[in-house]
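For reference, the structure discussed in these notes is given below.
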Amino acid sequence: MSLSRKECFEIISVADREDVIRIGKTIEDRHTITVVRNDNVLLPIKAVDLKEVEFCLGDALATECKVTVDNSEGYMLVLGDDKEKAYYGAIIDGYFEIAGKKEWLFNELKKINQKTLERIATEMSVISNTKVEYEIVD
């Protein structure tokens, strides 16, 4: 199995924080980590109206982290205020670039991805069973 760095990033960004932290700590124990940045940021949420004019709906709070793992840069951006998940996600991203044999990491990410897909499917099945009734009031 092979994953691109983009696929790795996407899996980590939506994964459960416990899984990201567990993998990140395993890497952290074996490598030199330097934090470059770990801050909260506001991201504009952009939309396009019917006349194709772009506008901002508002902002979303996110956490951005940049680290070096043995001189390889790692980056992670997660929605919400979760500096720990962003930190360990950035470690995984940095490790992705330096790892010789990545089978261990690929297998872990594959398990996390499957778990996330199952969680999303469960959430969607709950949502799909809900109904909204509208009543017109004169």
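The values are calculated or read from the model by the stated rules, or taken from the named source; none is laboratory data. Model, not experiment: these values are computed from the prediction. FYI the Cβ positions are ideal-geometry reconstructions off the backbone, even for glycines, and counts take in every protein chain you see.
Checking Asp39 against (1) crowded, with 18+ Cβ neighbours inside 10 Å; (2) in a strand (DSSP E or B); (3) touching a residue at least 24 places away in the same chain (Cβ under 8 Å), which test does it fail? That leaves (1) as the condition not met. Within the range 55-73, can one find any residue that is in contact (Cβ under 8 Å) with a residue 40 or more places away in the chain, surrounded by 12 or more Cβ atoms within 10 Å (Cβ to Cβ) and either touching a Lys or Arg at 6+ places or on another chain (Cβ under 6 Å) or under 21 Å from Ile120 (Cα atoms) (or both)? No, there is no match, as no residue in the range 55-73 is in contact (Cβ under 8 Å) with a residue 40 or more places away in the chain, surrounded by 12 or more Cβ atoms within 10 Å (Cβ to Cβ) and either touching a Lys or Arg at 6+ places or on another chain (Cβ under 6 Å) or under 21 Å from Ile120 (Cα atoms) (or both). Please work out if Ile127 is in contact (Cβ under 8 Å) with a residue 60 or more places away in the chain and within 30 Å of Asn40 (Cβ to Cβ). Judged against the criteria, Ile127 is not a match.
Among the conditions (1) surrounded by fewer than 17 Cβ atoms within 10 Å (Cβ to Cβ); (2) modelled with pLDDT of 90 or more; (3) closer than 26 Å to Ala121 by Cβ, Val78 misses just one, which is (1).
Among the residues of the range 48-61, are any under 14 Å from the mean Cα position of the chain (by Cα) and either farther than 18 Å from Arg5 by Cβ or part of a strand (DSSP E or B) (or both)? Steps first, please.
Keep residues of the range 48-61 that are under 14 Å from the mean Cα position of the chain (by Cα), which gives 61.
From what's left, either farther than 18 Å from Arg5 by Cβ or part of a strand (DSSP E or B) (or both): 61.
Yes: the range 48-61 contains one or more residues that are under 14 Å from the mean Cα position of the chain (by Cα) and either farther than 18 Å from Arg5 by Cβ or part of a strand (DSSP E or B) (or both).
Taking the range 6-36 as the range and being aliphatic (A, V, I, L, M), more than 18 Å from the chain's Cα centre (by Cα) and not in a strand (DSSP E or B) as the test, no residue passes.
Among the residues of the range 74-81, none qualifies, meaning not one is in contact with a helix residue (DSSP H, G or I) (Cβ under 8 Å, 6 or more places away or on another chain), closer than 21 Å to Lys111 by Cβ and in a helix (DSSP H, G or I). A Cβ distance below 6 Å, combined with a sequence gap of six or more or placement on separate chains, defines the contacts here; from the range 102-113, residues that are aromatic (Phe, Trp, Tyr) reach residues that are surrounded by 13 or more Cβ atoms within 10 Å (Cβ to Cβ) and not in a helix (DSSP H, G or I) in the pairs Phe106/Leu3.
May I ask you to say which residue of Tyr95, Tyr87 is touching a helix residue (DSSP H, G or I) at 6+ places or on another chain (Cβ under 8 Å) and either modelled with pLDDT of 95 or more or surrounded by fewer than 18 Cβ atoms within 10 Å (Cβ to Cβ) (or both)? Give the steps one after another, and end with the answer.
Working: Tyr95 fails: either modelled with pLDDT of 95 or more or surrounded by fewer than 18 Cβ atoms within 10 Å (Cβ to Cβ) (or both).
Residue meeting the stated conditions: Tyr87.
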